[in-house]
Ligand SMILES: Nc1ncnc2c1ncn2[C@@H]1O[C@H](COP(=O)(O)OP(=O)(O)OP(=O)(O)O)[C@@H](O)[C@H]1O
Ligand SMILES: [Mg+2]
């Protein structure tokens, strides 16, 4: 969190409205956030507070209604669709809340796909990289299976492997442990933490899980489309405990 | 790229029912297209073959000989010389025959028919053997003098069988009727309307009927290897015949029997040659061909529109179902253009496989129909100049149909895939299909 560094994600006064027919649903209302390279940040908040919406904006899969979203120093509003796609491919890894695997491809092929799109590695290198990640998420023996032959937790891990396989600078994870038992969840968090420490990968993940929040070096608390505060994980835990008492 | 193929291919496999439906539709249209085109060009082929063999060459050197104003005969004098010139000047020639022309009444004991009399040297008329089906007697019977070939329809009207004798009564330009007795040696199966206004006798018989010299004939019929060469040959013949000193009539695209009035009114006497082509002589065939073309073109267009709409619809559904997948692929960094490519490949694969099956199917149907010798209704036979259905199958048409349908389905699939690729990744991902 060195002050001299420029942020990898910089969000300024961002609002996001969804329109459902004539009704406008405000999902984010004036959000400011800066995330610096190497940070391991958790976004916490009740259901419907806008966590997924925020991650979608950072991940360049959606556009803000107003405000500025900059990723890797680039104002996403000013990028062409092609440049945005390249940003998603080369800079960002996204673990979606609902996995979103390609059903007709095997586990191996799903994880390999971003590498194919990148066209940087040859076949052998791709295989090494994919197998290494599948080992790490504990799915090496399932490489030939199709997503529909896996459990929810296993699919989640394939999604994790796919997001990490390109070694992106920035990994966005929408409730990455929600479908996992605590052991596997812990394992995935350890893996992310390891990447964070070894490679300096920036992680932004949303979660409900206090244990997961423990690992974050900062917790951004979101409520009703607004950022309440940005605190250390210990403070967040205390706040949550206080909130629980308050109820 | 390989991965794109893989996804495309797997998708086809995963959605087996839709793939089969769509592929089946594509195969069906291709087969129909092949069959319809085969039907249309088959009819044209047999029509042209029958009509040109029996009534006109591809190119004709005919003409008129005039004794005096008002007295003209449709003949070519010194035919062997002209024939010699033709053989020298027309390398495109398949074969050439001389054909006597007359118009007379054939009278039997119980009836009579009015008909054009063709004077033929049956040994040189190679086309006759392909076009005519002899139901009674033989074609070779016409090698003997004073013999006659009639069609079934005429034989019935005259009440004659092979071996019976009939009288041909021909008015001449001198105003008297010449007659000759001929023996029926062959009765041919009807060839549509042609069988009501043509009979054939040996050249010598026709000459004796009209008291013509041995080197005189009605016209010389040229059969070319390729119909496309007709205009070139026609033009060349005009030049060379004129250069060789023959008098030529002005080009007049009408049948010879429509020109008597014009010729009689003109002042010249002696021999003039007239060069025409098959379209001039049998314009009714041309009209039938045109009508047939328009009809089949219309039918095929309607069919294609219906099928295109169907295929488009199915592809739309397919792409809507897969919008989530498109969203995911776009979200992990797949460019729009590659998404479109993926669908293109899918459509291309489906299209080429479907059309391949369809072409095979069409081919089988055409072959079966041809082998079955299916009889057509009389009204149809009158126009297509054939009693059985004949479907032409040419590799060009089949390949053309395949390419066309594949191109159509691929082009159609572009629209929905473009639209799907245009969606914001998140919109596509959350799409409920
Ligand atoms: N596609 C959409 N159309 C309309 N409204 C939406 C859409 N997506 C989200 N919303 C609304 O925006 C608000 C924020 O939703 P979001 O999914 O970001 O919440 P979340 O914090 O991720 O919730 P959860 O913890 O349940 O995943 C909610 O009120 C939700 O109803
Ligand atoms: Mg969410």
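The values are calculated or read from the model by the stated rules, or taken from the named source; none is laboratory data. Keep in mind it's a predicted model, so treat the numbers as computed, not measured. A quick note on method: Cβ atoms are made from the backbone with ideal geometry, for glycine too, and the neighbour counts reach across all protein chains shown.
Taken as a whole, the condition of being touching a helix residue (DSSP H, G or I) at 6+ places or on another chain (Cβ under 6 Å), free of Cβ contacts under 8 Å to residues at least 24 places away in the same chain and either part of a helix (DSSP H, G or I) or more than 16 Å from ligand 1 (Cβ to nearest atom) (or both) applies to residue A:121. Among all residues of the stretch A:66-84, there is none that is assigned to a strand (DSSP E or B), within 14 Å of another protein chain (Cβ to nearest Cβ) and within 16 Å of ligand 2 (Cβ to nearest atom). Only helices (runs of 4 or more DSSP H) whose full extent lies in the stretch B:108-220 are considered here, and the ones with at least 2 residues that are under 29 Å from the mean Cα position of the chain (by Cα) and closer than 22 Å to residue B:98 by Cα are B:126-131. Considering the conditions (1) free of Cβ contacts under 8 Å to residues at least 40 places away in the same chain; (2) over 21 Å from residue B:428 (Cβ atoms); (3) away from ligand 2 (no atom under 16 Å from the Cβ); (4) out of contact with any strand residue (DSSP E or B) (no Cβ under 7 Å at 6 or more places or on another chain), residue A:20 is excluded by exactly one of them, (2). Considering the stretch A:45-59 alone, what residues qualify as being within 12 Å of ligand 2 (Cβ to nearest atom) and either within 13 Å of residue B:425 (Cβ to Cβ) or touching a helix residue (DSSP H, G or I) at 6+ places or on another chain (Cβ under 8 Å) (or both)? Once the filter is applied, which keeps residues that are within 12 Å of ligand 2 (Cβ to nearest atom) and either within 13 Å of residue B:425 (Cβ to Cβ) or touching a helix residue (DSSP H, G or I) at 6+ places or on another chain (Cβ under 8 Å) (or both), the stretch A:45-59 yields A:45, A:55, A:56. What do you reckon, is residue B:369 more than 27 Å from residue B:313 (Cβ to Cβ) and in the same structural domain as residue B:22 (by TED's automatic domain parsing)? In short, yes.
Is it true that some residue in the stretch A:136-156 is within 16 Å of ligand 2 (Cβ to nearest atom), assigned to a loop (DSSP other than H, G, I, E, B), in contact (Cβ under 8 Å) with a residue 40 or more places away in the chain and within 23 Å of residue A:44 (Cα to Cα)? Taking every residue of the stretch A:136-156 in turn, none turns out to be within 16 Å of ligand 2 (Cβ to nearest atom), assigned to a loop (DSSP other than H, G, I, E, B), in contact (Cβ under 8 Å) with a residue 40 or more places away in the chain and within 23 Å of residue A:44 (Cα to Cα). May I ask you to verify whether residue A:121 is surrounded by 19 or more Cβ atoms within 10 Å (Cβ to Cβ) and more than 10 Å from chain B (Cβ to nearest Cβ)? When the stated conditions are applied, residue A:121 does not pass them.
Looking across the stretch A:30-60, the residues that are surrounded by 15 or more Cβ atoms within 10 Å (Cβ to Cβ), over 12 Å from the mean Cα position of the chain (by Cα) and either more than 24 Å from residue A:201 (Cα to Cα) or within 14 Å of chain B (Cβ to nearest Cβ) (or both) come down to A:49, A:50. The residue of the stretch A:157-177 that is nearest to ligand 2 (Cβ to nearest atom), among those that are outside any loop (DSSP other than H, G, I, E, B) and within 11 Å of chain B (Cβ to nearest Cβ), is A:172.
Restricting attention to the stretch A:200-247, the residues being modelled with pLDDT of 80 or more and surrounded by fewer than 13 Cβ atoms within 10 Å (Cβ to Cβ) number 2. Among the residues of the stretch B:330-358, those that are within 12 Å of chain A (Cβ to nearest Cβ) and modelled with pLDDT under 85 comprise B:342, B:346.
Remark: pairs (first residue in the stretch A:36-65, within 18 Å of residue A:222 (Cα to Cα); second residue part of a helix (DSSP H, G or I) and near ligand 2 (Cβ under 10 Å from one of its atoms); Cβ separation under 6 Å; 6+ apart in sequence or on different chains) = A:43/A:51; A:45/A:51.
Got at least one residue in the stretch B:51-70 being part of a loop (DSSP other than H, G, I, E, B), farther than 23 Å from residue B:251 by Cβ and in contact (Cβ under 8 Å) with a residue 12 or more places away in the chain? Yes, because at least one residue in the stretch B:51-70 is part of a loop (DSSP other than H, G, I, E, B), farther than 23 Å from residue B:251 by Cβ and in contact (Cβ under 8 Å) with a residue 12 or more places away in the chain.
The set of residues in the stretch A:88-110 being at the interface with chain B (Cβ under 8 Å from one of its Cβ atoms) and either assigned to a helix (DSSP H, G or I) or over 16 Å from the mean Cα position of the chain (by Cα) (or both) consists of A:88, A:89, A:90, A:102, A:103, A:104, A:105, A:109. For the stretch A:91-115, a residue qualifies if it is within 16 Å of ligand 1 (Cβ to nearest atom) and touching a residue at least 60 places away in the same chain (Cβ under 8 Å), and the qualifying residues are A:94, A:95, A:96, A:97, A:99. Per the listing B:297, B:362, B:327, the residue uniquely crowded, with 20+ Cβ neighbours inside 10 Å and away from every other protein chain (no Cβ under 14 Å) is B:362. Residues that are within 15 Å of ligand 1 (Cβ to nearest atom) and within 14 Å of residue A:174 (Cβ to Cβ) within the stretch A:188-219 comprise A:204, A:205, A:206, A:207, A:208, A:209, A:212, listed in sequence order. Is it the case that residue B:208 is buried (at least 21 other Cβ atoms within 10 Å of the Cβ) and modelled with pLDDT under 95? Taking the combined requirement at face value, the residue does not satisfy it. Per the listing B:291, B:243, the residue uniquely loosely packed, with under 15 Cβ neighbours inside 10 Å and either within 14 Å of chain A (Cβ to nearest Cβ) or over 30 Å from residue B:50 (Cα atoms) (or both) is B:243. A residue that is within 14 Å of another protein chain (Cβ to nearest Cβ) and either surrounded by 21 or more Cβ atoms within 10 Å (Cβ to Cβ) or farther than 19 Å from residue B:42 by Cβ (or both) can be found somewhere in the stretch B:397-418. Which one of these is without any contact (Cβ under 8 Å) to a residue 60 or more places away in the chain and either surrounded by fewer than 22 Cβ atoms within 10 Å (Cβ to Cβ) or within 14 Å of another protein chain (Cβ to nearest Cβ) (or both): B:20, B:4, B:32? When all the criteria are applied, what remains is B:20.
Against the criterion of being within 16 Å of ligand 1 (Cβ to nearest atom), in the same structural domain as residue B:45 (by TED's automatic domain parsing) and assigned to a helix (DSSP H, G or I), residue B:327 qualifies.
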